[in-house]
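J.: The structure that follows is given in the form of structure tokens.
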Amino acid sequence: MSRPENLGGLQTGPEPNHLDAAVDEAVGQAQSAAAAAGVDVRALTDFGDLDQAVRLLARIWGRDANPPMNLELLRAFGKAGNYVSGAFVGERLIGACVGFFHAPSEDALHSHIAGVSPEMTGRAVGFALKLHQRAWAMSRGVDRVAWTFDPLVARNAYFNVVKLAARPVEYMPNFYGLMLDTLNGDGDSDRLLVRWSLRDPAVAVACGRSGEHRPDPVPAAGAVVAVGTAADGSPEPGRLDGAISVVAVPRDITALRASDPALAAHWRRAVRDAMTGLLAQGATVVGFDRARGYVLRRNS
């Protein structure tokens, strides 16, 4: 059998019948996503590339004086075999993603941070980065990736739950404490923890789609409104007793934090109360409808 080739840190082989066909498929999907986005996704190893990553993440988060990642930590992560990758256009880094391994018994990768340069919005660079991460993990025998995101950011909810078919499993109030950066403002840093089951057939199907062609969201027709949107744009609390519930979020929480911090904080409390209440009752997040918000189903 031929030795595996290494493509941007991805390991695959020419004989899928004798190796792992799922890994080969994941590598192919990652390469297709990178080609569609017009980027080259590869592991970051030299100081120049790592320094680009530090400066890019600092610019995205507005933290030049206190970058969310530093050069020494990225260098150590990479040396220890963790995930440190970037998306390039030519030699210019325009996206970066960093993850580290859970405890050995948990057999999972925690994807700590991922960011794409704002001028590349709409190019599916983030999708290419995540598919590279999936293939990288699978080629190393890891079948699960976890990460957190702000539940009020609608575009991230859609990306994670619909485009990637990851599943939120825990709501964590004020997880990071006060962050004071451009993206998070000065409010509580609530997070949803999601788990991405890399070999789940639904994940494989989602990763095989390109562009915005996605399956219809889980039907929300007839769902009970746990949080809706009032005519003035404020959150409107509903009921938590539905077999299927929807929890709305603002269309653009980042803009709202800048224009009306008090209303943004009101949304935080309303979504927190509804999501923690529903999850405590055994509901699970099964979809995200861009018009109505999170779709949760009670598991009776």
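Any read-out appearing in this document is the output of simple, stated calculations on the displayed coordinates, not a laboratory observation. Owing to the predicted nature of the structure, the values given are computational and were not obtained by experimental measurement. Glycine also receives a Cβ, built like all others from the backbone with ideal geometry; neighbour counts cover every protein chain displayed.
J.: Which angle from 0 to 90°, rounded to the nearest 10, does the C-alpha axis of helix 47-61 make with the longest principal axis of the chain?
T.: Result, in degrees: 10.
J.: List the residues, sorted by chain then number, that are 5 or more residues from Leu183 or on another chain and whose placed amide H is less than 5 Å from its amide H.
T.: Amide H to amide H, under 5 Å and 5 or more residues apart or across chains, Leu183 pairs with nothing.
J.: Could you pull out every residue, at least 5 positions away or on a different chain, whose amide H is within less than 5 Å of the one on Val286? Hs are placed 1.01 Å off N in the peptide plane, and Pro or chain starts have none.
T.: Residues meeting the amide H criterion: Val295, Leu296, Arg297.
J.: Given a Förster distance of 41 angstrom, what is the FRET efficiency for Glu236 paired with Val205, based on the Cβ-Cβ distance and rounded to 0.05?
T.: So the FRET efficiency works out to roughly 0.75.
J.: Report the one residue of Val116, Cys207, Val169 whose Cα lies farthest in the direction of the positive end of the charge dipole of the chain (charges on C-beta: Lys and Arg +1, Asp and Glu -1; origin at the Cα centre).
T.: Toward the positive end, the furthest listed residue is Val169.
J.: How large is ³J(HN,Hα), in whole Hz, for each residue of the stretch 194-204 in order, when computed from phi with the Karplus curve 6.51 cos²θ - 1.76 cosθ + 1.60 and θ = phi - 60°, using x for Gly and Pro?
T.: Result, rounded to whole Hz: 10, 10, 10, 7, 5, 9, 4, x, 5, 5, 4.
J.: For the stretch 111-128, in order, what is each residue's ³J(HN,Hα) by Karplus, 6.51 cos²θ - 1.76 cosθ + 1.60 with θ = phi - 60°, in whole Hz (x at glycine and Pro)?
T.: 8, 7, 8, 8, x, 10, 3, x, 6, 9, 4, x, 9, 6, 5, x, 4, 5
J.: Can you tell me the order of 229-238, 117-126 when each peptide is scored by its average per-residue count of other Cβ atoms within 10 angstrom, highest first?
T.: Final packing ranking: 117-126, 229-238.
J.: Continuing with this model, one more query. Arrange the peptides 95-101, 156-162 so that the one whose residues have, on average, the most other Cβ atoms within 10 Å appears first.
T.: Ranked by mean Cβ neighbours within 10 Å, highest first: 95-101, 156-162.
J.: Take each of the peptides 86-92, 21-27, 246-252, average the number of other beta-carbon atoms within 10 Å over its residues, and list them starting from the highest.
T.: In descending order of packing, they fall as 246-252, 21-27, 86-92.
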